[in-house]
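Notes follow once the structure below has been shown.
The values are calculated or read from the model by the stated rules, or taken from the named source; none is laboratory data. What you see is a predicted model, and the numbers here were worked out from it, not measured in a lab. Neighbour counts run over all protein chains shown; Cβ positions are idealised from the backbone, glycine included. To get the accessible areas, we keep the full protein, side chains included, count just its heavy atoms, and leave off ligands, DNA and RNA. Shrake-Rupley method; radii C 1.70, N 1.55, O 1.52, S 1.80 Å.
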Amino acid sequence: MDLLIIETATLDHLEQLQKLSITTFTETFAEVNTAKNLQKYLDKSFNKEQLTAELNDKNSHFFIAFLNEIPVGYAKINVNTAQTEQHNLAAMELHRIYVLQEFHGKKVAQKLFEKVLQIAQEKEVQQLWLGVWEENKRALQFYKNSGFTVFDRHDFWMGDDKQTDLLLHRKP
């Protein structure tokens with residue numbers, strides 16, 4: 001039987017987190033973006049200095065999912081001023097939730113999402129929100145099934161390519 005454990009990430013998880021970030025983001029977006037734009041984004045967002053700063057930010061929290069002791073996915077939440085959009089400081093942002101493709105269908109994303117909901121309820125936030133690329137149909141379906149609705153949109157830069165993220169929210 002598979003054993004899924006979700007741990008709060010610390011600096012000790014930096015290399016695992018970086019590898020998961022690069023691999024999952026590449027698996028998700030490489031086919032629909034140029035290699036140059038993808039690499040620009042990976043270099044900017046998932047370098048060790050950036051991830052260290054995010055791990056050290058008291059308003060950001062990472063949770064890594066281990067399936068049979070193998071890191072297979074993670075979620076990141078932001079509160080207060082760490083949120084990427086400052087529309088509601090009483091809200092919590094689900095900034096990232098990624099699972100390695102080979103582990104899709106094993107309920108890893110669902111368990112990570114349940115952890116995020118638990119934290120949102122503990123923090124008594126008014127709203128849980130996220131941004132997702134309008135072309136990421138798999139993620140949009142997951143969030144729709146999880147009770148999110150669209151409330152706005154914003155520009156997202158993938159290297160030199162301006163894309164549109166839909167902003168979704170729900171009550172925790």
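Could you go through region 129-139 and let me know if any residue there is out of contact with any Asp or Glu (no Cβ under 7 Å at 6 or more places or on another chain), open to solvent by less than 80 Å² (accessible area, probe 1.4 Å), modelled with pLDDT under 95 and not polar (S, T, N, Q). There is at least one residue in region 129-139 that is out of contact with any Asp or Glu (no Cβ under 7 Å at 6 or more places or on another chain), open to solvent by less than 80 Å² (accessible area, probe 1.4 Å), modelled with pLDDT under 95 and not polar (S, T, N, Q).
Here's the yes/no breakdown for (1) hydrophobic (A, V, I, L, M, F, W, C); (2) in contact with a helix residue (DSSP H, G or I) (Cβ under 8 Å, 6 or more places away or on another chain); (3) assigned to a strand (DSSP E or B); (4) free of Cβ contacts under 8 Å to residues at least 12 places away in the same chain:
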{"position": "116", "(1), (2), (3), (4)": "yes, no, no, no"}
{"position": "120", "(1), (2), (3), (4)": "yes, no, no, no"}
{"position": "125", "(1), (2), (3), (4)": "yes, no, no, no"}
{"position": "128", "(1), (2), (3), (4)": "yes, yes, yes, no"}
{"position": "143", "(1), (2), (3), (4)": "no, no, no, no"}
{"position": "150", "(1), (2), (3), (4)": "yes, no, yes, no"}
{"position": "154", "(1), (2), (3), (4)": "no, no, yes, no"}
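Could you tell me how many of the residues in region 9-29 are surrounded by fewer than 14 Cβ atoms within 10 Å (Cβ to Cβ) and within 12 Å of residue 100 (Cα to Cα)? Residues in region 9-29 being surrounded by fewer than 14 Cβ atoms within 10 Å (Cβ to Cβ) and within 12 Å of residue 100 (Cα to Cα): 1 in total. Would you check if residue 85 is within 27 Å of residue 22 (Cβ to Cβ), of a type outside the set (Lys, Arg), open to solvent by 50 Å² or more (accessible area, probe 1.4 Å) and out of contact with any Asp or Glu (no Cβ under 9 Å at 6 or more places or on another chain)? For residue 85, the condition - within 27 Å of residue 22 (Cβ to Cβ), of a type outside the set (Lys, Arg), open to solvent by 50 Å² or more (accessible area, probe 1.4 Å) and out of contact with any Asp or Glu (no Cβ under 9 Å at 6 or more places or on another chain) - is not met.
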